[in-house]
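Accompanying notes for the structure given below.
The values are calculated or read from the model by the stated rules, or taken from the named source; none is laboratory data. What you see is a predicted model; the values in this text were computed from it and never measured. When we count neighbours, we look across all protein chains shown, and the Cβ atoms used for this are built from the backbone with ideal geometry, even at glycine. SASA here: full protein model, heavy atoms, side chains in, ligands and nucleic acids out. Shrake-Rupley method; radii C 1.70, N 1.55, O 1.52, S 1.80 Å.
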Amino acid sequence: MTQDETLIRLSEVRMEGVGKRYGAAWVVKDVSISIRPGEFYTLLGPSGCGKTTLLRMLAGFAQPDEGRIFVDDEPIDSVPPWKRNLGMVFQHYALWPHMSVFENVAFGLRERRVSGAELDSKVKAALQQVGLEGFEPRRPSQLSGGQQQRVALARTLIVQPRLLLLDEPLSNLDAQLRSQMRLELARLHRDVGITTLYVTHDQAEALSLSTRIAVLSEGALVQEGRPEEIYWKPRNAFVAEFVGAANLVPVSVIELREMGVVVQTTGGARLPVSSGGHAWSVGDRALLCLRPEALRVEEAERSAGGIPGTIAAHVFEGSRQLYDVTIPGGTIKVEMITSALVGRSFKLGDQVRVEVSPETSVLLPDEGSTA
Amino acid sequence: MIRRPSAESALVWSLLLLLGAGIVCPLLQVLSVAVMVDGRPTAAPLLAFFARPLFREAFVNTLASGVLAVALGSLIAVPLALSTVRYSFPGRGLLTTLGLLPLVIPPFVGAVAFQQILGRSGTVNLFLLERFGVTVPFMEGLWGVIMVQTLHYFPFIWLNTAAALSALDRSLEEAAENLGSSGFRLFRRVLLPLSLPGYAAGALLTFIRVIDDLGTPLMLNYTTLLAPQAYMRVTTVGLTDVDGYVICAVLVALSLSALWISKGLLGRGEFTAVGRSGETPARVLGAGGALAVWAIAILLLGPALLPHVGIVLLSVSKVWSLSPLPSVYTLGNYDEILFRVPHFIWNTLRYAFLAAALDVGLGAVIARLLLRGRTRGRQWLDAIATMPLAVPGVVLAVGYLRVFHGWSVPGLGAPLTSTWLILVIVYAVRRLPYTVRGAYAALQLQPVSLEEAAQNLGAGRARAFLKVTLPLMGRGLLAGGLLAFVSSAVDLSSTILLVPHVELGPLSYGIYLYMQSAVGRGPGAALGVVAIALVAAGTWRATRLAHGGAGLFRA
Ligand SMILES: Nc1ncnc2c1ncn2[C@@H]1O[C@H](COP(=O)(O)OP(=O)(O)O)[C@@H](O)[C@H]1O
Ligand SMILES: [Mg+2]
């Protein structure tokens with residue numbers, strides 16, 4: 001990309017209290033988000049949580065029943081899809097089987113009355129950008145999944161849309177291709193600089209690609225933030241479990257301190273942790289969210305802190321050691337890098353302590369038992 | 001997005017208006033005359049109808065012809081369907097193709113040919129008389145009509161049953177075998193119930209076509225049936241005669257009851273859609289088995305192919321009377337119909353093409369509205385557009401005469417019923433279900449996102465439809481259009497009532513006229529051969545377009 005092109009004004013999106021209903025069921029509930037210019041913004045959530053519906057409302061294929069959507073500060077409710085210029089890459093690509101790759105990619109430009117040599121050169125450049133030079137005469141049915149994906153991208157990018165909307169673009173690819181396309185998407189976003197809204201149910205994709213992530217559950221926005229925030233500071237148990245593996249240990253608050261709180265496990269272990277942005281009072285029941293890779297297993301006699309338990313399972317994976325530690329009221333998964341504990345490993349039945357650091361543990365409301 | 005409902009509902013309502021005028025209004029007109037007197041409902045005309053012995057007999061005959069044609073047709077079709085689907089033997093493909101041949105000969109053309117071969121002084125009887133001194137009255141009276149209709153329409157049952165059988169999931173049958181079922185029990189408990197919907201579809205279509213068939217009885221000069229009675233009332237007594245309308249109402253009632261009964265069978269569900277694991281493999285037959293199948297096939301199918309031979313012979317004969325085979329051959333008949341009076345063929349091509357083109361356009365738009373639209377009232381569109389399947393052609397024609405004979409076309413200055421437009425309209429209306437169904441099936445397979453992707457890239461709704469959706473519906477739509485074309489080209493039921501005058505008559509009308517006189521039989525047969533060629537070519541292309549599409553031949 002040349003200097004000029006990156007100076008094109010980047011678009012932004014604002015959704016205000018958007019809701020959508022099918023029949024009596026609200027599949028999107030009161031979603032307010034704002035996507036900043038040039039961002040790679042991801043809607044993350046399990047299948048059926050309303051991600052596609054949100055994307056389709058932005059693209060104009062569904063009407064919100066509540067709330068409004070603004071693109072560059074202009075409401076778009078009354079703009080038909082074909083006047084929105086929001087480039088969408090469909091989940092199953094939606095390449096037109098009766099057109100060649102060239103005609104597929106040229107479609108948007110033809111709609112914009114571009115023809116002749118200009119059309120040819122632009123299509124060529126677009127295909128080059130996704131690494132598909134020379135594929136012009138093929139039919140979509142003659143392409144692999146990854147190639148179809150690229151054609152769909154080229155077809156959308158060629159019209160220089162204000163936004164790039166991607167609906168689970170990698171979900172139809174095999175694992176290897178998926179990680180390759182992930183890198184390419186990141187490169188494309190860097191090169192083109194276009195504001196991107198990405199939809200996925202895969203937390204690894206979301207964490208690795210996004211500048212910010214919105215986690216959705218049952219149509220509602222649960223948490224919005226940078227990938228690190230989402231991962232290390234989940235707001236509730238749903239986010240903690242959905243974004244990466246998490247141990248959720250039931251605890252109760254026994255003491256409030258300036259910098260955080262002290263909690264007690266069912267087995268009586270006391271741990272100082274940060275408050276995680278919630279207002280706690282003594283006696284509250286809570287869940288302590290512990291990421292497996294942020295924990296260490298120590299011999300029981302050696303240390304005093306942590307949570308005491310017994311080794312219930314041990315897997316040696318070469319670079320990592322995986323432990324299941326049974327504690328009163330549950331099991332904790334621990335994941336340790338092998339080099340950090342040269343020569344030291346535990347056997348089944350060993351009495352151990354699980355070391356917890358206050359910075360990497362988050363205290364979450366126990367939605368199951370407290371109102 | 002905001003504007004969508006209003007633009008769409010305008011379209012839906014104008015289509016409803018159009019189809020209402022073309023289908024509902026004429027139908028209601030006919031029915032209202034039959035059940036209303038002075039604006040009050042009454043059963044008097046109906047009672048009068050059943051009080052007359054002639055009409056009672058015609059009613060019983062019509063019902064009998066429909067039921068017997070289905071029953072006899074099933075005797076031919078079901079064994080053929082079972083053997084072509086379940087067994088593999090040399091010439092299986094050929095046999096399946098031969099099965100389409102009876103359909104390509106319009107029934108009234110077939111009637112003439114049968115007359116020539118099996119009639120009182122036809123080939124077979126002359127031969128029998130010469131050798132044994134006896135004749136067999138194959139073609140006399142009602143039985144002649146039923147035989148011709150059976151031999152023409154049984155492929156509907158064959159094709160639909162075969163389609164249902166071959167769509168059966170292999171695992172269903174294997175599961176039954178695995179549980180110890182085999183042979184006839186397997187057939188009765190698994191295959192029969194599962195192929196019933198397909199069979200019912202074919203039987204229904206046969207029944208409706210048979211009771212609506214006007215050409216065959218007229219050609220065979222047996223008129224104690226409802227359709228010819230209606231025709232004769234309207235043409236001899238006139239449009240004011242109530243009996244004509246009552247007959248039409250009774251025909252509609254028969255059609256609807258058949259539809260209702262077969263829906264009962266179909267209503268148990270089209271079972272074939274549940275997760276398939278492959279077609280049932282055909283059992284390979286040994287030489288003896290293959291020979292047996294072919295022997296049965298020739299026995300069952302042979303008579304149905306007689307008229308093809310008969311009509312071709314008749315078309316090149318100058319003199320063929322009181323002799324087993326023509327005594328003098330000529331090409332003069334073709335000279336007559338191709339060069340001296342070419343307007344029959346020309347009119348047919350023109351009307352059928354226009355009707356099919358209308359149907360393709362309407363079918364595509366209606367299918368899209370049904371599957372992707374949002375306006376309320378769409379269901380009505382569906383119901384009305386498929387109505388012509390159950391409305392006999394005679395009835396619709398009578399309705400048109402009543403509704404439109406006083407109505408002048410703006411700019412033409414003549415009543416609609418005295419222009420050829422009326423023929424195009426009635427053809428288009430009667431065959432609309434073909435294209436709606438073809439387009440609907442094709443569109444159902446098409447993800448919505450294909451159209452949305454076009455809109456997303458800047459194409460408005462109409463352009464996205466034209467550039468993406470329509471071309472992708474192409475095959476199904478075209479197949480439906482071709483069938484609309486060929487069946488319009490050989491329609492006689494509505495044509496015969498609606499042709500304003502001879503010069504505007506299409507091919508089917510020409511055949512009917514020619515066949516009225518002995519000298520006209522040669523040219524009439526030549527027109528018949530043209531009709532067969534048209535239908536054969538169209539049907540062949542249509543089945544290829546729709547991938548073997550037995551689904552094309554459904555009601
Ligand atoms: N056209 C529709 N009619 C009725 N329900 C729908 C429709 N589209 C989506 N839904 C429902 O809305 C919910 C959210 O769907 P979707 O947005 O596709 O989820 P996601 O993309 O997150 O998997 C689902 O429960 C789905 O069944
Ligand atoms: Mg989705």
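Numbers for the structure displayed
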read-out	value
Hey, A:THR42 closer than 22 Å to A:LEU185 by Cα, polar (S, T, N, Q), under 25 Å from the mean Cα position of the chain (by Cα) and within 16 Å of ligand 2 (Cβ to nearest atom) or not	yes
Enumerated helices (runs of 4 or more DSSP H) restricted to region B:180-253, each holding at least 3 residues that are exposed (fewer than 15 other Cβ atoms within 10 Å of the Cβ)	B:183-186
Selected residue (criterion: nearest to A:VAL356 (Cα to Cα)) from residues of region A:210-223 that are surrounded by fewer than 18 Cβ atoms within 10 Å (Cβ to Cβ) and touching a strand residue (DSSP E or B) at 6+ places or on another chain (Cβ under 6 Å)	A:THR211
Residue list for region A:45-69, filter: more than 22 Å from the chain's Cα centre (by Cα), open to solvent by 10 Å² or more (accessible area, probe 1.4 Å) and under 30 Å from A:ASP191 (Cα atoms)	A:PHE61
Qualifying residue in region B:115-135 (condition: assigned to a helix (DSSP H, G or I), open to solvent by 10 Å² or more (accessible area, probe 1.4 Å) and at positive phi)	no
Count - residues of region B:452-498 that are touching a residue at least 40 places away in the same chain (Cβ under 8 Å) and among the acidic types (Asp, Glu)	1
Candidates B:VAL429, B:VAL468, filtered to the one that is farther than 30 Å from A:GLN149 by Cα, at pLDDT 90 or above and in a helix (DSSP H, G or I)	B:VAL429
B:ARG40, sole failed condition from (1) closer than 20 Å to B:LEU492 by Cβ; (2) open to solvent by 60 Å² or more (accessible area, probe 1.4 Å)	(1)
Any hit, region A:24-39, residues being open to solvent by 10 Å² or more (accessible area, probe 1.4 Å), at positive phi and either within 12 Å of ligand 1 (Cβ to nearest atom) or among the acidic types (Asp, Glu) (or both)	yes
Those residues of region B:450-462 which are under 36 Å from the mean Cα position of the chain (by Cα) and facing chain A (nearest Cβ under 7 Å), in sequence order	B:LEU450
Residue identified as over 30 Å from B:TYR245 (Cβ atoms), surrounded by 22 or more Cβ atoms within 10 Å (Cβ to Cβ) and within 14 Å of chain A (Cβ to nearest Cβ) among B:LEU445, B:LEU477, B:LEU472	B:LEU477
Residue among A:ALA237, A:ALA269, A:ALA245 that alone is touching a residue at least 12 places away in the same chain (Cβ under 8 Å), out of contact with any Ser or Thr (no Cβ under 7 Å at 6 or more places or on another chain), more than 16 Å from ligand 2 (Cβ to nearest atom) and open to solvent by 30 Å² or more (accessible area, probe 1.4 Å)	A:ALA245
Subset of region A:125-173 (residues that are closer than 20 Å to A:LEU109 by Cβ, assigned to a helix (DSSP H, G or I) and open to solvent by 40 Å² or more (accessible area, probe 1.4 Å))	A:ALA125, A:GLN128, A:GLN129, A:GLN148
Residue count, region A:47-76 (criterion: away from every other protein chain (no Cβ under 14 Å), part of a loop (DSSP other than H, G, I, E, B) and within 22 Å of A:VAL159 (Cα to Cα))	2
Qualifying position, being within 16 Å of ligand 2 (Cβ to nearest atom), open to solvent by 10 Å² or more (accessible area, probe 1.4 Å) and in contact (Cβ under 8 Å) with a residue 12 or more places away in the chain, among A:HIS201, A:HIS189	A:HIS201
Selection status of B:ALA357, within 30 Å of B:GLY66 (Cα to Cα) and either in contact with a Phe, Trp or Tyr (Cβ under 9 Å, 6 or more places away or on another chain) or more than 14 Å from every other protein chain (Cβ to nearest Cβ) (or both)	no
Criterion: buried (at least 24 other Cβ atoms within 10 Å of the Cβ) and basic (Lys, Arg) - qualifying residue of B:ARG378, B:ARG368, B:ARG431	B:ARG431
Top-ranked residue in region A:77-97 [being in contact with a helix residue (DSSP H, G or I) (Cβ under 6 Å, 6 or more places away or on another chain) and open to solvent by 40 Å² or more (accessible area, probe 1.4 Å); ranked as nearest to the other protein chains (Cβ to nearest Cβ)]	A:TRP82
Condition check for B:GLN516: open to solvent by 40 Å² or more (accessible area, probe 1.4 Å) and not aliphatic (A, V, I, L, M)	yes
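For every residue, the table says whether it meets (1) of a type outside the set (Gly, Ala, Ser); (2) away from ligand 2 (no atom under 16 Å from the Cβ).
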site	(1), (2)
A:VAL18	yes, yes
A:GLY23	no, yes
A:ASP30	yes, yes
A:ARG36	yes, yes
A:PRO46	yes, no
A:GLY50	no, no
A:ILE69	yes, yes
A:LYS83	yes, yes
A:PHE107	yes, yes
